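The values are calculated or read from the model by the stated rules, or taken from the named source; none is laboratory data. Since this is a predicted model, take the numbers as computed values, not measurements. Cβ atoms come from the backbone with ideal geometry, glycine included; neighbour counts cover every protein chain shown. Side chains included, ligands, DNA and RNA excluded: accessible areas come from the protein's heavy atoms. Shrake-Rupley method; radii C 1.70, N 1.55, O 1.52, S 1.80 Å.
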Amino acid sequence: MSATYEQGKEDLPLNNLYGRESRQAKWNRKAREKEADSRSYHSLFYHRFFENYTEYCTTNEKGKRKIIRKYTGPVYIQEISKAMRTIMKLFFLFAFVLMVWLVYRTGVMEAQEAAATAWYLAVAELLTILSLTYMGYTLLTGYLFAPQRMTTGDYKSSSKALIRAAEAAAACFGADAVLTALGGFLAQGQILRSDLIHMAYFLTGAVLSLLIFQMERSIPYRVEEAAERPSDDGGTEILYR
């Protein structure tokens, strides 16, 4: 039995003796796995930004590796005139600025009032500010400067993101109006004139948000197949789900 065991032990590779990997073999295996993963996956932001691009790795005359990215996904096109597209962008920007002013004006009025703002209304107003921040970021970095022919990333960071931001802002403004009325009843047993002014501001913000939401949803988008398709020469398509 001992001779059989010794013979079996001699047949094992040195880096897996007694069923255990050596430290160097384990490090090499992890390095190979990490390198394989890095060729097909990067960060979530990277995959979202370059969604539906195909990466090709080439080598220049100096022997240096270079990555070339080509868009091979669908193209999204707004089927409205250039003039109408400009008018809608200006309206969205105007509506956003007006909503920011409404929140600012409400905050100034609340600061001048003797009664403290209820904690639940303060939380709702904070969420409103966050939703408007997201809307402003979407407008200024994506929607207003989006090209007519958009990649998947352009489409999601402009149209889809604006719809989500408008929906969130409408919900927050609506909650502000309801909680303002609730706070008036709990504090004074009635809704004061100042509460009605706040509610009017919040409801105006909700209406403007819903207008942006509905107008953007009503814009027809035509989807075209990409002019260039992924080739079979070792390219890696970048996907994001």
With a ≥ b ≥ c the root eigenvalues of the C-alpha gyration tensor of the stretch 68-200, is it rounded (a/c under 1.5), prolate (a/b larger than b/c) or oblate?
prolate
On the protein heavy atoms, probe 1.4 angstrom, tell me the percent of accessible surface of the stretch 82-190 carried by carbon and sulfur.
71 percent
Violating pairs (Cα-Cα greater than 31 angstrom) within the set 66/89; 70/160; 64/156; 82/160:
66/89; 64/156
Using R₀ = 51 Å, calculate the FRET efficiency as 1/(1 + (r/R₀)^6) where r is the Cβ-Cβ separation of residue 108 and residue 224; round to 0.05.
0.55
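What does the charge dipole of the stretch 50-125 about its Cα centre add up to, to the nearest 20 debye, if the Cβ of each Lys and Arg holds +1 and the Cβ of each Asp and Glu holds -1?
That gives a dipole near 800 debye.
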